[in-house]
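> Below are the structure tokens for one structure; questions will follow.
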Amino acid sequence: MKEFQTIIGLEVHVELLTNSKMFCWCSTEFGRQPNTQVCPVCLGLPGALPVVNEKAIELGLRTSIALNCRINKECIFVRKSYFYPDLPKNFQISQYGDPIGVDGYLCIGTKNIGILRVHMEEDTGKLIHDERTGTWSGIDFNRSGIPLMEIVTKPEITGPDEAEQFLQELKRLISYIEVSDCNMEEGSLRCDANISVKLKSDTKLGTKVEVKNMNSFRSVRRALTYEQQRLTSLLEKKKEIFQETRLWNETLQITEPMRTKEEAHDYRYFPEPDLLPFRIDIDTINRVKSEIGELPQLKEKRFQSEYGLSPYDSAVLSSEKTIADYFEQAISFYAKPKQVANWIQTEILGLLKEAKCRIDKCKVSPQSLAKIVEMVDNNIVSATTGKKILREVFATGTDPEALVREKNLIQISNTEQIETMIDEVLDENPQAVGDYKSGKTQALGFLVGQVMKKSGSKANPAVVRQILQKKLD
């Protein structure tokens, strides 16, 4: 049986977190009315001259360093010539031979995926089609000129699942170093893929096909899986594979032909005459390195070794810098990492998702969370009450200790008080008592619940269960 090998390279476009566009002062704010954030430069009007956004260059440098790239001391912008209706100049200002970073890598699991280059460019406008009648199209130039960074991998990814894993790790890294919000719904992170399939015994690479229009990590995996199967089928039937660009149809779950693939020479690259080469000095590189700090993979390993967390807990807590910072601030107030980690993962992240809120905008401060976890651990309040307190603090920002005093929520651990409530519950529920004595042990849980209800969730559940079981037995 013939064995086939899949080879994938990714081109990831990332919109950068800048307030202004790549070569002009226009705002990059998302969601404004069409064509309200434009000027002669981003509209490509004759005589308009570009000026490089220094912040965008620094974010590109930060990414190149985080991806272990060699930094080019001198970088050159070029004109990449092609025609689209939403590209008014008929060329895009980009980089090619002399980008910011080259020859880096990103580690996923135990494997390093090579990074060919990290380069800067400007985004195009956006075509808007009339979906109701299909009779007209418009162009919104608000996106035209927004700073883009393109990360091009080496053809070292061996399958759709590995491609998805790479993108997830790349997104985590880029979000972590605060280069982009990586919001795929708003187009902040977009991905094109080049895929080829060949016989394992062949030394020559197969004909590559580019796949576009993938708007989620799941879409990337599905599109590449489909294309892998399509190309393998063509090889098995000894049919010719054409180098082309194909679009992923999310509705039909298939790729469809778009155009024949251009080669580099088709773009007629030449140096941008309106922009001088720029140099990055060693002091700037060292400053940016120091500002990046600890990267997520290193932080994940440190959380395991320093705090004894599981690989899963460490991965969740280090997934975003704001979550990692929140966790470490919380344990500075209550040094029980596992307990704090559990509350962040099960309660805080759930509340944030429900409210569509970021953890750095959360009204529960790290100190407040630490107080709640400590009160639950010390049996001052029950776990159920602790969760109710957390929800109220999340909504109001109130101090949790003040809330406990104000609402008299301190847990009842006095055995005499609890025993009195248990006796009342046993008298009120003879059926459940009989069920337990006849061997239906689940009746114990019901009776514990009744005692907790009678106490307003303030009784210590461990003490309740202990006394109740002793009485029943």
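Here, each number is a calculation from the coordinates, and none is a lab measurement. Predicted model only: the values in this text are computed from it and were never measured. Every residue, glycine as well, gets a Cβ built from its backbone with ideal geometry; the counts of neighbours run over all protein chains shown.
> May I ask which residue of M149, V78, A462 lies farthest towards the positive end of the charge dipole of the chain, with charges of +1 (Lys, Arg) and -1 (Asp, Glu) on Cβ and the Cα centre as origin?
A462
> Need the list of aspartates and glutamates near K237 for cross-linking: C-alpha distance under 18 angstrom, and skip anything on the same chain fewer than eight residues off.
E3, D202, E227
> Please give, to one decimal in nm, the separation of the simple spin-label points placed at K111 and Q431, each 7 Å out from Cα toward the Cβ.
Result for the modelled spin labels: 6.0 nm.
> Also, quick follow-up: To the nearest Å, what is the center-to-center distance of region 409-473 and region 232-284, using C-alpha atoms only?
69
> When a/c is below 1.5 the answer is rounded, else prolate if a/b is larger than b/c, else oblate, so apply that to region 205-322 with a ≥ b ≥ c taken from the square roots of the Cα gyration tensor eigenvalues.
oblate
> Another question, then. Given I380, L17, P366, which one lies farthest toward the positive end of the charge dipole of the chain, if we put +1 on the Cβ of every Lys and Arg and -1 on the Cβ of every Asp and Glu?
It is I380, whose Cα lies furthest towards the positive end.
> Still on this structure, please answer the following. Can you tell me the order of 438-450, 190-202 when each peptide is scored by its average per-residue count of other Cβ atoms within 10 angstrom, highest first?
Ranking, from highest mean packing down: 190-202, 438-450.
> Additional query: Restrict the search to region 165-229; then list the GluC sites (Glu not before Pro) that DSSP places in a loop and that have at most 11 other Cβ atoms within 10 Å of their Cβ.
none
> If you take the charge dipole of region 4-283 about its Cα centre, with +1 on Lys and Arg Cβ and -1 on Asp and Glu Cβ, which of P257, L127, L235 is farthest toward its positive end?
With unit charges placed on the Cβ atoms, the residue in question is L235.
> For N68 paired with A48, estimate the spin-label separation in nm (one decimal), with each label point 7 Å from Cα along the Cα-to-Cβ line.
The two pseudo-label positions are separated by 4.2 nm.
> Here's something else I'd like to know. Explain nothing, just the number: dipole magnitude of region 294-406 about its Cα centre with +1 on each Lys and Arg Cβ and -1 on each Asp and Glu Cβ, in debye rounded to the nearest 20.
In total the dipole reaches around 240 debye.
> Taking 0.36 nm per intervening residue step and subtracting the Cα-Cα distance, what contour gain separates E416 from Q466 on full extension?
Stretched out fully, the E416 to Q466 stretch lengthens by 16.7 nm.
> Still on this structure, I have one more. Report the gain in length on full extension from R132 to C39: 0.36 nm times residue separation, minus Cα-Cα distance, nm rounded to one decimal.
Between R132 and C39, full extension yields 30.4 nm more.
> Could you sort the peptides 308-321, 287-300 by per-residue average Cβ neighbour count (10 Å cutoff), highest mean leading?
308-321, 287-300
> If you don't mind, another one. Taking the DSSP beta bridges in the chain as the whole, what percent of them are antiparallel, to the nearest 5? Can you show the working numbers first?
Values: 56 of 60 bridges.
Of the beta bridges lying entirely in the chain, close to 95 percent run antiparallel.
> Enumerate the calculated ³J(HN,Hα) couplings along region 123-136 in order (Karplus 6.51 cos²θ - 1.76 cosθ + 1.60, θ = phi - 60°), each rounded to whole Hz, writing x wherever the residue is Gly or Pro.
My calculation for region 123-136 gives 7, 8, x, 10, 7, 10, 9, 6, 6, 6, 10, x, 9, 8 Hz in order.
> Using the per-residue mean of other Cβ atoms lying within 10 Å as a proxy for protection, in what order, highest first, do the peptides 119-126, 380-387, 242-249 fall?
Ranking the peptides 119-126, 380-387, 242-249 by packing returns 119-126, 380-387, 242-249.
> A further question on this structure: Here are some pairs, K171/K353; K353/K388; K154/K301; K407/K471; K126/K208; K171/K204; which of them have Cα atoms lying more than 29 Å apart in this structure?
K407/K471; K171/K204
> Still on this structure: In debye, nearest 20, what is the charge dipole magnitude of the chain about its Cα centre with +1 on Lys and Arg Cβ and -1 on Asp and Glu Cβ, if you could check? Numbers along the way, then the final one.
Working: 63 positive and 67 negative charges, 158 e Å.
For the chain, the charge dipole is close to 760 debye.
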